[in-house]
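J.: Next up is a structure, given as structure tokens.
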Amino acid sequence: MDFIYGDDTGLVIDWTQMPTYNTIMSIAAGAGLILLVLLGRALQRDKAFRAEGWALSAGVLGFILTLTGAHMTLTWPFAKYFPFDNIIFGETSLGFGVLLLAASFYLWKRGGRLADSEDRAAEAAATAKPLGIFIFGLGLALFGIAAAGVIFQLFAAPPEEPVSGAFAQWPWIEAAFMSGLFALIGVGSVLFPFALNSFSSTRPISGVAKTMGVVWTVAGVVFLLFGALNFYTHIGLIVNTMG
């Protein structure tokens, strides 16, 4: 890493060259994954389904991820110190954010018809089916990120970062942790188009859909909590490296 170590101050980072906002991105991504799982359950089970609340939630999260993901993808704010993070966090957040915005638009415009459908889940699945190609591709990309994280031991925090920095001398720990999260989301993403084939309000949920729901829920909860923790750890890193 292109860090600067002062004679007396230790690690010094020029934060004017690295605007950091993957904290809110992590929370939004985790909440978005959980939202999709809960939306699927509501479509299948909730007899009093109301689309407006789901549309608003998807819109809020999609806006955050699209805005921050697009900025990171197009401007590479981490280029000086962590250039690979612009791809890992920026491009994946952009893709997920646009998908959530599309879901928000659909639910807002077609929510009434969806709620009145005899099989809401099958109706939604038929609409989402063409997006399965892109989501499957994102899943493969997430496997690539997970492999790169392990092979190149990415994601390791410097010792100056609170909590995460305690494992700085064992970079494989955080590499395995973050790579495992990306791999979990990847599993759910590659299963998505296959889960749609049997998604229905009138039939029991398939094993494929259950597996997708479990891995997205686990990864979503961890990403949300990890993002919340990073509000402390990243602020601490900034304080400890301002020079």
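The values are calculated or read from the model by the stated rules, or taken from the named source; none is laboratory data. These numbers were taken from a predicted model, which means no experiment stands behind them. When we count neighbours, we look across all protein chains shown, and the Cβ atoms used for this are built from the backbone with ideal geometry, even at glycine.
J.: Are any residues in region 82-114 among the hydrophobic types (A, V, I, L, M, F, W, C) and either assigned to a loop (DSSP other than H, G, I, E, B) or touching a helix residue (DSSP H, G or I) at 6+ places or on another chain (Cβ under 6 Å) (or both), and if so, which ones?
T.: Let us first name the residues in region 82-114 that are among the hydrophobic types (A, V, I, L, M, F, W, C), namely 82, 84, 87-89, 94, 96, 98-103, 105, 107-108, 114.
Of everything in region 82-114, those that are among the hydrophobic types (A, V, I, L, M, F, W, C) and either assigned to a loop (DSSP other than H, G, I, E, B) or touching a helix residue (DSSP H, G or I) at 6+ places or on another chain (Cβ under 6 Å) (or both) turn out to be F82, I88, F89, L94, F96, V98, L100, L101, A103, L107, W108, L114.
J.: Please go through region 179-217 and pick out each residue that is in contact with a helix residue (DSSP H, G or I) (Cβ under 6 Å, 6 or more places away or on another chain) and either within 19 Å of L229 (Cα to Cα) or among the aromatic types (F, W, Y) (or both).
T.: S179, L181, F182, F192, F194, F199, W216, T217
J.: Restricting attention to region 104-120, does a residue exist that is crowded, with 16+ Cβ neighbours inside 10 Å, of a type in the set (S, T, N, Q) and under 13 Å from the mean Cα position of the chain (by Cα)?
T.: Checked region 104-120: no residue is crowded, with 16+ Cβ neighbours inside 10 Å, of a type in the set (S, T, N, Q) and under 13 Å from the mean Cα position of the chain (by Cα).
J.: Can you say whether A148 is assigned to a helix (DSSP H, G or I), of a type in the set (A, V, I, L, M) and either in contact (Cβ under 8 Å) with a residue 24 or more places away in the chain or out of contact with any Phe, Trp or Tyr (no Cβ under 9 Å at 6 or more places or on another chain) (or both), as far as the supplied structure shows? So that I can check it myself, show each step before the final result.
T.: Working: assigned to a helix (DSSP H, G or I): yes; of a type in the set (A, V, I, L, M): yes; either in contact (Cβ under 8 Å) with a residue 24 or more places away in the chain or out of contact with any Phe, Trp or Tyr (no Cβ under 9 Å at 6 or more places or on another chain) (or both): yes.
Judged against the criteria, A148 is a match.
J.: Could you please give the count of residues in region 30-49 that are more than 24 Å from F192 (Cβ to Cβ) and either at pLDDT 95 or above or not small (G, A, S) (or both)?
T.: The initial filter retains those residues of region 30-49 that are more than 24 Å from F192 (Cβ to Cβ), namely 47-48.
If we keep only those that are either at pLDDT 95 or above or not small (G, A, S) (or both) too, we end up with 47.
So the count comes out to 1.
J.: Let me ask something else. Being within 27 Å of F167 (Cβ to Cβ) and either modelled with pLDDT under 95 or of a type in the set (A, V, I, L, M) (or both) is the filter here; which residues of region 178-206 pass it?
T.: M178, L181, A183, L184, I185, V187
J.: Taking the residues in region 151-172 that are aromatic (F, W, Y) and part of a loop (DSSP other than H, G, I, E, B) as candidates, determine which candidate is farthest from the chain's Cα centre (by Cα).
T.: Of all residues in region 151-172, those aromatic (F, W, Y) come to 152, 155, 167, 170, 172.
Narrowing the set further to residues that are part of a loop (DSSP other than H, G, I, E, B) leaves 152, 155, 170.
Details: F152: 21, F155: 15, W170: 25 Å.
Going through the qualifying residues, I end up with W170.
J.: Of all the residues that make up region 207-222, how many are surrounded by 17 or more Cβ atoms within 10 Å (Cβ to Cβ) and either at pLDDT below 95 or among the polar types (S, T, N, Q) (or both)?
T.: Qualifying residue count for the region: 1.
J.: Then there is this: For W76, are the conditions met, namely being within 30 Å of P19 (Cα to Cα) and surrounded by fewer than 17 Cβ atoms within 10 Å (Cβ to Cβ)? Lay out the reasoning, then the answer.
T.: Working: within 30 Å of P19 (Cα to Cα): yes; surrounded by fewer than 17 Cβ atoms within 10 Å (Cβ to Cβ): yes.
Yes, satisfied.
J.: While we're looking at this one, here's another question. Checking A79 against (1) of a type in the set (A, V, I, L, M); (2) within 16 Å of the chain's Cα centre (by Cα); (3) outside any helix (DSSP H, G or I): exactly one of these is not met. Which one?
T.: All conditions pass for A79, except number (2).
J.: Within region 33-75, how many residues turn out to be part of a loop (DSSP other than H, G, I, E, B) and either in contact with a helix residue (DSSP H, G or I) (Cβ under 8 Å, 6 or more places away or on another chain) or under 19 Å from V215 (Cα atoms) (or both)?
T.: Filtering region 33-75 for residues part of a loop (DSSP other than H, G, I, E, B) gives 46-50.
Okay, now just the ones that are also either in contact with a helix residue (DSSP H, G or I) (Cβ under 8 Å, 6 or more places away or on another chain) or under 19 Å from V215 (Cα atoms) (or both), so 49-50.
Residues flagged as part of a loop (DSSP other than H, G, I, E, B) and either in contact with a helix residue (DSSP H, G or I) (Cβ under 8 Å, 6 or more places away or on another chain) or under 19 Å from V215 (Cα atoms) (or both) within region 33-75 amount to 2.
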